[in-house]
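See below for the structure under consideration.
The values are calculated or read from the model by the stated rules, or taken from the named source; none is laboratory data. Everything numeric in this text was worked out from a predicted model, so none of it was measured. Ideal geometry is used to build each Cβ from the backbone, glycine not excepted, and the neighbour counts take in all protein chains shown.
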Amino acid sequence: MSEISHEAIKGKIQRYEELRSQADALKEQVAEVNRQRDALEAEIIAGMLDLQEQLGVDDFSMGVDGRKYKVTVKHFYSITKANRDAAYPLLRDLGLGDLITEKVDDRTLTKELSAVADENGGLLPDEYSELMEHVSAYDKPSMSRVKAL
């Protein structure tokens, strides 16, 4: 194993922080570009629909720089969280039950099982043993970041 100096680690941490800052800045830039794009798209759609109405046509498209643009309307369905308990049995009754998926977020599962383990001296109680046959448990080293005083 090669030796690494305190200064080398310090330099890597500084570079790590630079990359974190750069990633945060890029996220903000992407979010802003997406907001501008979505606003412009809404303006274009409104303008194309107005132009379509002025021309008295049902289907209007426009070619720009080798691409063809037209407004299409897509129909979507969704079930709000508030309506899930009522809608899911109805989906099953209609033969659409295979659309329903259950999902357990890993972070939420970790939080809950860690709390149970903490309450029991760091170990999960025996009644969790069957569950743990189906759950992966692992340790992952990570670097903590706190503001130095």
- Message: Filter the stretch 37-56 down to the residues that are polar (S, T, N, Q) and closer than 14 Å to V73 by Cβ and list them by number.
- Response: Q52
- Note on the structure: Scanning the stretch 92-149 residue by residue, those modelled with pLDDT under 90 and among the aromatic types (F, W, Y) turn out to be Y138
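Per-residue answers, yes or no, for (1) charged (D, E, K, R); (2) under 30 Å from E43 (Cα atoms); (3) surrounded by fewer than 11 Cβ atoms within 10 Å (Cβ to Cβ):
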residue	(1), (2), (3)
G63	no, yes, yes
A87	no, no, no
G95	no, no, yes
D118	yes, no, yes
D126	yes, no, yes
S144	no, no, yes
- When you look at I4, is it exposed (fewer than 10 other Cβ atoms within 10 Å of the Cβ) and more than 19 Å from A148 (Cβ to Cβ), yes or no? yes
- Message: Given the criteria among the acidic types (D, E) and over 25 Å from G63 (Cβ atoms), does E32 qualify?
- Response: yes
- Item | Filter result for the condition that a residue is at pLDDT 95 or above and aliphatic (A, V, I, L, M), over A23, A42, A46, A82 | A23
- Query: Yes or no: V135 among the hydrophobic types (A, V, I, L, M, F, W, C) and surrounded by 10 or more Cβ atoms within 10 Å (Cβ to Cβ)?
  - Reply: yes
- Query: Quick one: which helices (runs of 4 or more DSSP H) sit completely within the stretch 49-149 and have at least 2 residues that are of a type in the set (V, I, T) and without any contact (Cβ under 8 Å) to a residue 24 or more places away in the chain?
  - Reply: 106-119
- Message: Go through the stretch 107-149 and report how many residues are polar (S, T, N, Q) and closer than 30 Å to K10 by Cα.
- Response: 2
